[in-house]
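Read the structure below first, then the notes.
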Amino acid sequence: MVTRTKSHTVTFRRPFILDGFERVQAAGSYVVDTEEESMESLLIPAWKRIATVIRLTTLGATEHLPVDPDQLHEALMRDGAQQDPALPLSHGSPKARRDRARGLRDLPRRGREKY
């Protein structure tokens, strides 16, 4: 069988951990390699994933750890759903934030009422 390896980079904005990791990994960009093998097909060329690994570099040494592609995808979705760490933290309860937003929306109306 013919095999091929595809590589792509994933970026975590926050520290993360996946099954099989000994410790939390720092935020940053990581290379993920997916090894595929060709499937015998007469109609169209097809490939089947046989392994997915992530490259972790610690103290100058690179490790290739197997990862579950679905778990990696879920971790990236959770990371992307979090607030951007570069933005200031929002304070207060959701109700307080809503009330503050409504107050800002109503400023022009309040200004007209004074005159």
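The values are calculated or read from the model by the stated rules, or taken from the named source; none is laboratory data. A quick note: this is a predicted structure, and the numbers were derived from the prediction, not measured. Every residue, glycine as well, gets a Cβ built from its backbone with ideal geometry; the counts of neighbours run over all protein chains shown.
Candidates His73, His8: the one that is surrounded by fewer than 10 Cβ atoms within 10 Å (Cβ to Cβ), at pLDDT 90 or above and not aliphatic (A, V, I, L, M) is His8. For the stretch 40-57, state whether one or more residues are surrounded by 12 or more Cβ atoms within 10 Å (Cβ to Cβ), in contact with an Asp or Glu (Cβ under 9 Å, 6 or more places away or on another chain), at pLDDT 90 or above and part of a loop (DSSP other than H, G, I, E, B). Within the stretch 40-57 (the criterion being surrounded by 12 or more Cβ atoms within 10 Å (Cβ to Cβ), in contact with an Asp or Glu (Cβ under 9 Å, 6 or more places away or on another chain), at pLDDT 90 or above and part of a loop (DSSP other than H, G, I, E, B)), the answer is no, since none of the residues qualifies. All of Arg100, Arg78 fail the test of being part of a helix (DSSP H, G or I) and at pLDDT below 85, apart from Arg100.
Residue count for the stretch 1-37 satisfying the condition of being in a strand (DSSP E or B) and touching a Pro at 6+ places or on another chain (Cβ under 7 Å): 1. The numbered conditions (1) surrounded by fewer than 11 Cβ atoms within 10 Å (Cβ to Cβ); (2) acidic (Asp, Glu); (3) at pLDDT 90 or above are all true for Glu37 except (1).
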